[in-house]
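*Asks:* Here it is, the structure in full.
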């Protein structure tokens, strides 16, 4: 970067209507902090945008002064690309409007919105679109990487429900991308991450959901895990699209429906959500209770928004996090054995392994229809290492990497780009698979100098 002078900053402020934060500002440190506490970078300047015009000004300023650019939406991405050292953080977190058209079943969403912001606005009309499972996640980053959650088997990936986007490109232009306008850019935005511009507005298709859904947890002892996992694999291959069941194995948090002597012990849990009539859902989930002798369960009809926030207490900001992830078309015996081996030696009380079930509607879209191409992935496994102290870094990261290597022979192609960490640049082409070369060509067109490179980067070469 060039050395920023105060005069340069003062000039920028005359055109920028948002907030400009410099080191030493009272909220600079708070603003630069993101979800993953392993990332502690210090930008030279934070531009807190309040409008698309502010984004244009920030992009122009960065380009004029050859500044490295990072873009913050929710700041939740595991790789920490929302914040850079010495450059400019373009912070979108103040742009939080959600406008819902219930008749057209469409929502227009600002890039600073979290899942909670979007869910709450849409659920006021009994509507939703497939999003993730942690309500503090940013809509922008989740969407640009693909996006999946409880509703994906019924209604597809988040990107399958994106109708259009307003984008500021690397040259400072404001363009609209949809199936009929800049269709190539729209193709790339749906899974290509932040490589092609800064999205200042998303328009989504909505679907009737809730507002109450059948959802919850059934928890089993870990000594039954092999049988539970084998039955989970078979059950999820044939369940209807309206039902989604995930598997989580970890040390039991102090949940009130579990006996106190189980807290802190290894368990295996089935988490479920039924996007339909709860009475029909009850009949469908009854077999899950027969998978073993449950330690406890908390299953019932509750607001969809409440279920979307159920895992928030386990994913609060401030902890150190490191992830490794595989896609699976099926859960083979080898994959199950690897999960069991490493679930039996969790290196910290907060570490977990989860297997998210997708398939259903997500698999009915052609692999080349958009940048996200992993349509054969029926399961996404995340090895979630999470701990508190830097002294634990080596032990927890080693556990995650060893498990990743042990389970790799059983994985299918591709990878979920939002789960890639900062040290996995060598997996980006593999993650995109058949769409990668087209993405490189698109990068050449819209960002030939790699201006936007604080991301899971697609180089224009």
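*Asks:* Exactly one condition in (1) surrounded by fewer than 22 Cβ atoms within 10 Å (Cβ to Cβ); (2) out of contact with any strand residue (DSSP E or B) (no Cβ under 8 Å at 6 or more places or on another chain) is not met by residue 362; state its number.
*Replies:* Of (1) surrounded by fewer than 22 Cβ atoms within 10 Å (Cβ to Cβ); (2) out of contact with any strand residue (DSSP E or B) (no Cβ under 8 Å at 6 or more places or on another chain), only one is false for residue 362: (1).
The rows are residues; the columns are (1) surrounded by fewer than 20 Cβ atoms within 10 Å (Cβ to Cβ); (2) touching a helix residue (DSSP H, G or I) at 6+ places or on another chain (Cβ under 6 Å); (3) within 27 Å of residue 187 (Cβ to Cβ); (4) modelled with pLDDT of 95 or more.
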{"residue": "337", "(1), (2), (3), (4)": "yes, no, no, yes"}
{"residue": "342", "(1), (2), (3), (4)": "no, yes, no, yes"}
{"residue": "350", "(1), (2), (3), (4)": "no, no, no, yes"}
{"residue": "374", "(1), (2), (3), (4)": "no, no, yes, yes"}
{"residue": "381", "(1), (2), (3), (4)": "no, no, no, yes"}
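*Asks:* Restricting to segment 365-395, name every residue that is in contact with a strand residue (DSSP E or B) (Cβ under 6 Å, 6 or more places away or on another chain) and either closer than 19 Å to residue 407 by Cα or free of Cβ contacts under 8 Å to residues at least 60 places away in the same chain (or both).
*Replies:* Passing the criteria: 374, 377, 379, 380, 381, 382, 383, 384, 385.
*Asks:* Next question, about the same structure. Filter segment 95-113 down to the residues that are closer than 23 Å to residue 177 by Cβ and in contact (Cβ under 8 Å) with a residue 24 or more places away in the chain and list them by number.
*Replies:* Residues satisfying the conditions are 95, 98, 100, 105, 106, 107, 108, 109, 110, 111, 112, 113.
*Asks:* Checking residue 128 against (1) touching a residue at least 60 places away in the same chain (Cβ under 8 Å); (2) over 19 Å from the mean Cα position of the chain (by Cα); (3) buried (at least 24 other Cβ atoms within 10 Å of the Cβ); (4) closer than 20 Å to residue 97 by Cα, which single condition isn't satisfied?
*Replies:* (2)
*Asks:* Moving to a separate point now. Quick one: which residue in 172, 193, 188, 210 is at pLDDT below 95 and either out of contact with any strand residue (DSSP E or B) (no Cβ under 8 Å at 6 or more places or on another chain) or farther than 30 Å from residue 64 by Cα (or both)?
*Replies:* None of the others qualify; the one that does is 210.
*Asks:* Check whether at least one residue in segment 32-44 is in a helix (DSSP H, G or I) and within 24 Å of residue 78 (Cα to Cα), and report yes or no.
*Replies:* yes
The values are calculated or read from the model by the stated rules, or taken from the named source; none is laboratory data. These numbers come from a predicted model, not from an experiment. Every residue, glycine among them, receives a Cβ derived from its backbone with ideal geometry; neighbour counts consider all protein chains shown.
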